[in-house]
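A.B. asks: Here it is: the structure, laid out below.
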Amino acid sequence: MSTTMNALNSANIRHAEFVRMVVGKTSPTTYTFCNAAAPITVSGITFSGMGSLLGIGQVERNIKSTSTDMMVSLTGINPANVALILSADIKGSTVEIWRGFLDSDNQIITTPTQQFFKRYQGIITNVSITEDWNDEVRSRIATCSISCTSMKRVLETYVASSKTNKAIWQDRYGISETSMDRVDAISSTYFDFGKPASGGGVASPGGINGGNGGTTVPRIEYENIGE
């Protein structure tokens, strides 16, 4: 489905990139920032203006969805935030990137519709921090580079399964779950499906009853009452 960007019809196009990161799993912290010169509020969410200190990699533009990676870099960020990013369980955290088109007051255009469009969604796969000494400001400047993988690539490589046994099922749904109680007994029972019954039933291999021996599955015969 195509999206009409009315702001592109203007002779003077202003735009900014907006990033939202949710870092951590147990107590997630949300970071929102943009490369505008001043903070911009969109739908009640304030994105800190970082200007040229925010760098965003190239976004692939194709008709079909593609599995592409993304690099987000933050320069001159607060040392306290650097420590937080390093100490948090950052891998696997979500990253979303939007492009917003601005009016003459550097605010998001809202007419006829809000000109704010999502461009990328993925998860953080790696993070690195470098420090450089700046002679002009006589201070160390930290740059945090965040590598992201698109959700499409995540789904392509995602493999999930669950064992069908009593322990796994009760761990997931509670000890009152009884649907897998007989799995252990059934898993050790031999069923020769598709083979005609022999000796009154299908026997377990290696037994002594009925030639093939073992516990058998009874053969049920139905009488035609109409005859």
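The values are calculated or read from the model by the stated rules, or taken from the named source; none is laboratory data. Just so it is clear, the model here is predicted, and its values are computed rather than measured. Cβ coordinates were reconstructed from backbone atoms using ideal geometry, including for glycine residues, and neighbour counts include every protein chain displayed. These accessible areas exclude ligands, DNA and RNA; they are computed on the full protein's heavy atoms, side chains included. Shrake-Rupley method; radii C 1.70, N 1.55, O 1.52, S 1.80 Å.
Residue-wise test of (1) open to solvent by 50 Å² or more (accessible area, probe 1.4 Å); (2) farther than 22 Å from Val82 by Cβ; (3) in contact with a Ser or Thr (Cβ under 8 Å, 6 or more places away or on another chain); (4) among the polar types (S, T, N, Q).
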site: Ile13; (1), (2), (3), (4): yes, yes, no, no
site: Phe18; (1), (2), (3), (4): no, no, yes, no
site: Pro28; (1), (2), (3), (4): yes, no, yes, no
site: Thr32; (1), (2), (3), (4): no, no, yes, yes
site: Ala37; (1), (2), (3), (4): yes, yes, no, no
site: Ile40; (1), (2), (3), (4): no, yes, yes, no
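A.B. asks: For the stretch 117-146, how many residues meet the condition of being surrounded by 17 or more Cβ atoms within 10 Å (Cβ to Cβ) and more than 17 Å from Asp69 (Cβ to Cβ)?
C.D. replies: The qualifying residues number 2.
A.B. asks: Further, regarding this structure: Ile109: at pLDDT 85 or above and open to solvent by less than 60 Å² (accessible area, probe 1.4 Å), yes or no? Walk me through how you get there before you give the answer.
C.D. replies: Numbers: at pLDDT 85 or above: yes; open to solvent by less than 60 Å² (accessible area, probe 1.4 Å): yes.
So Ile109 passes the test.
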